[in-house]
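Q: The structure follows.
Values quoted throughout were computed directly from the atomic coordinates according to the rules given, and no laboratory measurement underlies them. Just so you know, these numbers come straight off a predicted model, no measurement behind them. Note: ideal-geometry Cβ built from the backbone for every residue, glycine included; neighbour counts use all protein chains shown.
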Ligand code: 6R9
């Protein structure tokens, strides 16, 4: 099928100032990539050497398709690398976390304080009977205690399963049961846009018929404090206070599980992705340092929630293992006004900012005047993740936020991959619309259904050809599902995304393969048509689906959110059709356009096209647990 793909690559690129490259950790992408190719295991061993281990590995990699082991028999603890190592290297008083509440309240936590809190909570968990290998479900708002709970689990070898605090009780219930969690750590409430959202009542519902749960630990933030009734409920701060202040890190085998994380599930029921201690640690440390170019002096703000892989890897484990300062906030991007995030960048001197295209497009819709009110000169690096960063959004981000001086890293990766896989290293030419090239250490390609590479400009399936340290090890309780990832296309890891490569090896992501449109025998990625629509001045966001058409196979229907100041009209519809025709050609023209106020998205901000399609065709949309209300 992929032979029919014809993607327009216009070859426009941006070159950052040479000083960016000179001061970057990676220095030169091509040299780094070629060095990796010459000695793949040496590449990973060198990175692992930068971290602390209780015992070094016997072998860097053992690979028996589709099962990989990395840093065999090595012993470590990821919290040792995120905390103790900095404490013993003169950075006790360096700020680890800056937290800003929904109401503007602030908390600043040094590495020493974080280290102490983690050890105390780890001891608290032990006092509840938690031992190495037990699963602990963390269902919390974005507060420092959420990170403390994650690190405390890792400290004692308990496997955390963080469930995003915006999920409802059904989603929480199924995740608790699937992981057979012994403990649920939660809070009385989250605060969003000035409103209190009860979490504890949702936990109460979720634990009905989940007999695995022995205790519920509740962080009480509100006053008067919520009463704790049954004997299974315990107070977060009480278990902190009772215990011993020291907690040695559990000696973890490199291949011991570190966490389970359920995927965002744009296309089906959630899967419990399992990551291990050693490989995940090396992968997130490596990409935080060499891709995001993170230095200890940086203030990194990744706007995800730790409840997603982006938060696990680039709020918690990556930046803390590098020793940077992280900013986290419970504040939403447009409350009390759409300037709130930019004001925080100015106020806290954020240097590395990492967000999602959905947020960027939301800001574009609000207009440039909001970011222009603030001084954003502190920014050094900008990142994007989660969906294709369409050229229009790239250019806005580059010009309005980065003032034309910050490299933009459009990072392609997945819950399953644990770390960045494809991006444009800092200092390299950036091509709007393209994520970039494989991270040194990764062999990625675009292939047809038989696993044969397709020529540049031809669309195909994105695969990873060789194992990497932070790859998932299994799907919890469903190893068969894991094996499918490595057996769909040849012996490669199949990501489920469509992509196209250009002559320079840059990869553009065209969308999920389930969202492909087949119009008159031509394959069209949903992202291509959406990008063309978003490049029209009136369009803030677009989602397209294929509707069965007796003549064409699929006919394209587009759902459009307009930018502030534009009105829906038939004239505008015609303009949009003309615009797509000029950009992509007649084949990609939407036959129907509907103006909408919002689009169905996952709680992590990805458009759920299958929901639009099911609605449109009057079919069952399938699992909706990840759908944002
Ligand atoms: C990190 C994360 C993974 C899916 C992935 C792809 C999409 C992520 C992207 C991107 C285009 C990017 N995706 N980053 N598409 N460009 N830079 O989002 O993990 O929630 O597991 O989603 O997200 O479709 O396959 P996850």
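Q: Residue 347 versus residue 108, label points 7 Å from Cα toward the beta carbon: distance in nm?
A: Modelled inter-label distance: 1.3 nm.
Q: Taking only Cα atoms, what is the 0 to 90° angle, nearest 10, from helix 277-290's long axis to the longest principal axis of the chain?
A: 60 degrees
Q: A further question follows. Please rank 363, 434, fewest neighbouring Cβ atoms within 10 Å first, as an exposure proxy. Don't jump to the answer; show the numbers that get you there.
A: Details: 363 24, 434 29.
Final ranking by Cβ density, sparse to dense: 363, 434.
Q: Now for a different question. Give me the distance between the Cα centres of the range 516-565 and the range 110-170, rounded to whole Å.
A: A separation of 43 Å, based on Cα centres.
Q: Taking Rh as the Kirkwood radius computed over C-alpha pairs, what is the Stokes-Einstein D of the range 520-617 at 4 °C in a medium of viscosity 1.567 mPa s, expressed in µm² per second?
A: Details: Rh = 13.7 Å.
For the chosen part, D equals 95 µm²/s.
Q: How big is the antiparallel share of DSSP beta bridges in the range 165-242, given as a percent to the nearest 5?
A: Counting only bridges with both partners in the range 165-242, antiparallel ones make up about 35 percent.
Q: Can you tell me the orientation of helix 29-38 relative to the chain, as the angle in degrees between its alpha-carbon axis and the longest Cα principal axis, to the nearest 10?
A: Relative to the chain, helix 29-38 is tipped by roughly 70 degrees.
Q: While we're looking at this one, here's another question. How many nm is it between the label spots at residue 208 and residue 443, if each spot is 7 Å from the Cα in line with the beta carbon?
A: Each label point lies 7 Å from its Cα, and together they span 5.3 nm.
Q: Determine, for 580, 100, the number of other Cβ atoms within 10 Å of each Cβ, and report the residues in order from fewest to most. Numbers along the way, then the final one.
A: Details: 580 26, 100 19.
Ordered from fewest to most neighbouring Cβ atoms within 10 Å, 580, 100 come out as 100, 580.
Q: May I pose another question? Once you have the Kirkwood Rh of the range 255-366 from its Cα pairs, apply Stokes-Einstein at 25 °C and 0.890 mPa s and quote D in µm²/s.
A: Answer, rounded: 161 µm²/s.
Q: If each residue of separation counts as 0.36 nm, what is the full-extension length gain between residue 196 and residue 403 once their alpha-carbon separation is subtracted?
A: Value of the extension gain: 70.8 nm.
Q: I've got another one for you. What number, in percent, do you get for the relative contact order of the range 78-250 if the mean sequence gap of Cα pairs under 8 Å and at least 6 apart is divided by its residue count?
A: Numbers: 306 pairs, mean separation 40.2, N = 173.
Relative contact order for the range 78-250 comes out at 23 percent.
Q: May I pose another question? Expressed as a rounded percentage, what relative contact order does the chain have, with Cα pairs under 8 Å and six or more residues apart?
A: About 14 percent, as a whole number.
Q: Full-extension gain between residue 59 and residue 547, please, as 0.36 nm times their residue separation minus the C-alpha to C-alpha distance.
A: That works out to 170.5 nm of additional length.
Q: What is the percent of Cα-Cα separations in the range 78-250 that go past 23 Å?
A: Result: 38 percent of Cα pairs exceed 23 Å.
Q: Using helices alone, what [θ] at 222 nm do you get for the chain, with -39,500 (n - 2.57) per DSSP H run of 4 or more residues, divided over all residues and rounded to the nearest 500? If you can, show how the numbers build up before the last one.
A: Details: 18 runs with 168 residues, N = 629.
Computed mean residue ellipticity for the chain: -7500 deg cm²/dmol.
Q: Rounded to the nearest 0.05, what FRET efficiency do residue 229 and residue 478 give with R0 = 35 Å and r taken as the Cβ-Cβ distance? Could you check? Don't skip to the end; give the middle numbers.
A: Values: r = 36 Å, r/R0 = 1.02.
Computed FRET efficiency for residue 229 and residue 478 comes out at 0.45.
Q: Under a crude label model (7 Å from the Cα following the beta-carbon direction), how far is residue 335 from residue 537 in nanometres?
A: Modelled inter-label distance: 3.4 nm.
Q: Restricting to the chain, what percent of DSSP beta bridges are antiparallel, rounded to 5?
A: Bridges in the chain that DSSP calls antiparallel: roughly 60 percent.
Q: If you don't mind, there's one more thing I want to ask. Arranged by the count of other C-beta atoms within 10 angstrom, fewest first, what order do 246, 145, 346 take?
A: By the 10 Å Cβ count, ascending: 246, 346, 145.
Q: Apply 1/(1 + (r/R0)^6) to the Cβ-Cβ distance of residue 628 and residue 373, taking R0 = 35 Å, and write down the FRET efficiency to the nearest 0.05.
A: For residue 628 and residue 373, the calculated efficiency is 0.80.
Q: When the C-alpha atoms of the chain are aligned to their principal axes, what extent does each axis show, in angstrom, from largest down?
A: 70, 57, 50
Q: May I ask for the distance between the Cα centers of the range 406-449 and the range 275-303, given as a whole number of Å?
A: So the separation of the two Cα centres works out to 15 Å.
Q: Taking 0.36 nm per residue of separation and subtracting the Cα-Cα distance, what length does fully extending residue 46 through residue 617 add?
A: 200.2 nm
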